[in-house]
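Trainee: Below are the structure tokens for one structure; questions will follow.
Read the figures in this text as sums done on the coordinates, not as results from a lab. What you are looking at is a predicted structure, and each value in this text was computed from that prediction instead of being measured. Neighbour counts are summed over all protein chains in view; Cβ atoms, including those assigned to glycine, are modelled from backbone coordinates with ideal geometry.
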Amino acid sequence: MKSEELGKQLYEILGAKRNIISAYNCMTRLRVQLRQKNDTLLNNIKQVPGVMGINDTEEELQIILGPGTATQVATVVNELLGPAEDKPKIGDGKELHQQIREKNATPGKLLLKKIASIFIPLIPGFIACGLLTGILGVSAKIWPTITTSPTWQLLAVAGNAVFWGMNLFVGYNAAKVFGGTPILGGALAALISHPGLANVVIDGTKLVPGRGGVIAVILVAFIGAWLEKRLHRLVPTVLDLFLTPLLTFLLAGVAAIFVLQPLGGVISAAIGAAATGAVGSGGAAVGFVLAGMWLPMVMMGIHQALTPIHADLIAQYGVTILLPILAMAGAGQVGAAAAVYIKSRNKFLKKTIASALPVGIMGIGEPLIYGVTLPLGRPFIGACIGGAFGGAVQAHFMVGASAMGISGLPLAGTTNNIPVYLLGVLVAYIVGFIAAYILGFDDPVEEKES
């Protein structure tokens, strides 16, 4: 089914303007907020060709469609919804949705949501630069002399671009998320990252550009936004345009140089030491636990907290040793889904797996999680077991990745040990397959022709 046709069909099943409050998408999911939903509606959605699965939360309904399709379908649905003022004002749908949001708005969830909001806009850049870095890394290992080519060197600069400017992007987005002026957040990030700081000596101590990495940037963006909002209330209106940005930048800048950057440096160093120390001393056992628990953590949303840690490890050491370990959870999914494909007699399920496996191999696991292993139960456990064994391999050999935003096979080119990384992927595939095959599952009754 083409994306336009799929979007129209989902729009009608979801209840069109009378029931859809809003619709948007992430990389693989159409996310809709509805006034009403019931089991009949959910079952009807599952039966639509092209739908790989659903994740129903109190706050929203997430329909798994896969990369590319999710964006196109969301565009179609929003075009059909039309302007907000055209939507009927029915009952208390928005009020009910707000109540649900407030009920679920625990401090921990809000913090994770804010962290995710800072880094999610950067994901396309991570993917583009990460894939380019991976391709260049593979080519350099196959043809070492290619690195002397001006073209290769220019592409290497391009592949590093998002990481080189990451502090500025994070500062801009963080200020926006915390309610401040984005460009002031970017300017404060530029201040603590500026190479000119290396020429400044205060009380015999030389300043270090970029100390504290993204941790320091997030801290200074938060303080900057907090100051700015209060200054807007204190500074006379006639002077607000001039004084508020100046005072925000100067006060937050001073706090950044003398307090937040050193504090961020301590936190950053502690995180780096803890991560490398845990994997270095615990080896395979730590990798086994981390990778085995990763899929449940993804489902709970805890994974969002790891993005700044990956970024900080890359800034400190040039690689993140956590990402190759955690990427094995997706490889375990691939193996488990392959076992389901072999054992199942349900045509629709097999078709879902066939369409989701390629993107799973490329590191996008949501279609396999919500469309295959999680609904079946035991294969999800098999996937976790497969990921755990793959993670043990990565941790034992301390494999690191110099990029983020990608996973699966594409991540291989960014690692410092491609053969071992691929070995870990293969182990996760095989163990995930065997575990899911042995654990088995209740094969769904065929509900429709596909």
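Trainee: Please go through the residue pairs K46/K350; K8/K114; K2/K347; K37/K114; K17/K113 and name each one whose alpha carbons sit more than 24 Å apart in this structure.
Mentor: Pairs exceeding 24 Å: K8/K114; K37/K114; K17/K113.
Trainee: When Lys and Arg each count +1 and Asp and Glu each count -1, what net charge do the other residues less than 13 Å away from F178, Cβ to Cβ, add up to?
Mentor: +4
Trainee: Give the relative contact order (percent, whole number) for region 283-439; include only Cα pairs under 8 Å separated by 6+ residues.
Mentor: 37
Trainee: Long-range amide H contacts for L34: which residues qualify at under 5 Å (H placed 1.01 Å from N, peptide plane, sequence gap of 5 or more or a different chain)?
Mentor: So L34 has HN proximity to I21, L61.
Trainee: To the nearest µm²/s, what D does Stokes-Einstein give for the chain at 10 °C and 1.306 mPa s, using the Kirkwood radius over alpha carbon pairs as Rh?
Mentor: Result for D is 66 µm²/s.
Trainee: With contacts defined as alpha carbon pairs under 8 Å and 6 or more residues apart, what's the relative contact order of the chain in percent?
Mentor: Here the relative contact order equals 15 percent.
Trainee: Cα centroids of region 172-214 and region 349-421: how far apart, whole angstrom?
Mentor: 36
Trainee: How long, wide and thick is region 165-280, going by the Cα atoms along their three principal axes, in whole angstroms, largest first?
Mentor: The Cα atoms of region 165-280 stretch 57, 33, 22 Å along their principal axes.
Trainee: Could the peptides 158-169, 282-293, 319-330 be put in order, highest first, of the mean number of other beta-carbon atoms found within 10 Å of their residues?
Mentor: Listed from highest to lowest mean packing, they are 319-330, 282-293, 158-169.
Trainee: How big, on average over all directions, is the shadow cast by the Cα convex hull of region 283-439, in nm²?
Mentor: It is 8.0 nm².
Trainee: HN-Hα J couplings of region 364-378 from phi, Karplus 6.51/-1.76/1.60, θ = phi - 60°, integer Hz, Gly and Pro as x?
Mentor: Rounded to whole hertz, the list is 10, x, 4, x, 6, 5, 8, x, 10, 6, 5, x, 7, x, 4.
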